[in-house]
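*Asks:* Please read through the structure below; I'll follow up with questions.
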Amino acid sequence: MKHSVIVTHPNIEESKVNKSWVNELQQHDDKITIHQLYNEYPDLNIDVTKEQELLLSHDSIIIQFPLHWFNTPFLLKKWMDEVLTYGWAFGPEGDKLKGKKFRLSVSTGGTEKTYDSFVSLEDLLKSVTVSFQFCGLEMLPTHVFYGANDNLEFKDIQINSKQYSDLILQ
Ligand SMILES: Cc1cc2nc3c(=O)[nH]c(=O)nc-3n(C[C@H](O)[C@H](O)[C@H](O)COP(=O)(O)O)c2cc1C
């Protein structure tokens, strides 16, 4: 199975979690394609045909991002708006992604406890998960790193990154 990981982080150089995830996944580049939207499109002009071809050539799609204002970073929303088009991803003959698998991988500044008591992460991510399900993709369990703004232990990020690659490659 070929996996495509769509990474949307506006400042990956300053990142701890998403950068570590990318570094870990890069060790499996025979099975995993990493596609970083902010690197591809610094001018934010998305090449829709190129993005659709990338999705078509993979069996599983992983959408990786840090939570920003309880949502996706805006370039990911733009990517969804422009790439998941009528007649391609949904609507008449819009079956190009049908049957593929997808997974979200999300880092949050808030702790797991915060999300348990305040609002559930699952609920926050529904607009994304429902969109991909609407396009006929099969959802796999979400991978999460909570509390990504605390005094992080490098070891914990490393463990989580290995769990992430194991989950994708299992
Ligand atoms: C503009 C902005 C908005 C954010 N909004 C949230 C939020 O709504 N909830 C949350 O838990 N963390 C929020 N955060 C924290 C990020 O999710 C956190 O810094 C990120 O997941 C850390 O991952 P990284 O080490 O890969 O950068 C926000 C950060 C930024 C920069």
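*Asks:* Give the residue from VAL83, GLY136, PHE65 lying farthest towards the positive end of the charge dipole for region 3-169; charges sit on Cβ (+1 for Lys and Arg, -1 for Asp and Glu) and the dipole is referred to the Cα centre.
*Replies:* Toward the positive end, the furthest listed residue is GLY136.
*Asks:* If you take the Cα atoms of the chain, find Rg, then find the Kirkwood Rh from the mean of 1/r over all pairs, what is Rg/Rh?
*Replies:* When Rh is taken as the Kirkwood radius, the ratio is 0.95.
*Asks:* Longer than 21 Å from Cα to Cα, which of LYS50/LYS96; LYS101/LYS155; LYS2/LYS96; LYS50/LYS100 are they? Say none if no pair is.
*Replies:* LYS101/LYS155, as the Cα separations exceed 21 Å there.
*Asks:* For n ≥ 4 DSSP H runs only, could you compute -39500 (n - 2.57) per run for the chain, divide by its residues and tell me the 222 nm figure to the nearest 500?
*Replies:* -11000 deg cm²/dmol
*Asks:* Work out how much length ILE12 to LEU124 would gain on full extension: take 0.36 nm times their residue separation and subtract the Cα-Cα distance, in nm to one decimal.
*Replies:* 38.0 nm
*Asks:* How many angstrom lie between the Cα centre of region 1-59 and the Cα centre of region 92-148?
*Replies:* Going from one Cα centre to the other spans 17 Å.
*Asks:* Considering just Cα atoms, how many Å³ per residue does the convex hull of region 3-79 enclose?
*Replies:* About 90 Å³ per residue, rounded to a whole number.
*Asks:* Determine, from the Cβ-Cβ distance of LEU140 and SER117 and an R0 of 35 Å, the FRET efficiency 1/(1 + (r/R0)^6), rounded to the nearest 0.05.
*Replies:* Once the sixth-power term is evaluated, E becomes 0.85.
*Asks:* Whole number in Å², please: accessible area per residue of region 3-169, 1.4 Å probe, ligands, DNA and RNA not counted.
*Replies:* Heavy-atom accessible area per residue stands at 52 Å².
*Asks:* Evaluate the charge dipole of region 48-170 about its Cα centre and quote only its size in Debye, nearest 20, assuming +1 on the Cβ of each Lys and Arg and -1 on the Cβ of each Asp and Glu.
*Replies:* The dipole of region 48-170 has a size of about 140 debye.
*Asks:* If you take every DSSP beta bridge fully contained in the chain, what fraction is antiparallel? Give it as a percent rounded to 5.
*Replies:* Beta bridges within the chain, antiparallel portion: roughly 5 percent.
The values are calculated or read from the model by the stated rules, or taken from the named source; none is laboratory data. Treat the numbers as computed from the prediction; the structure is a model and nothing was measured. Glycine gets a Cβ as well: all are built from the backbone with ideal geometry, and neighbour counts include every protein chain shown. Ligands, DNA and RNA are stripped out before the accessible areas are found, and what is left, the full protein with its side chains, is counted by its heavy atoms. Shrake-Rupley method; radii C 1.70, N 1.55, O 1.52, S 1.80 Å.
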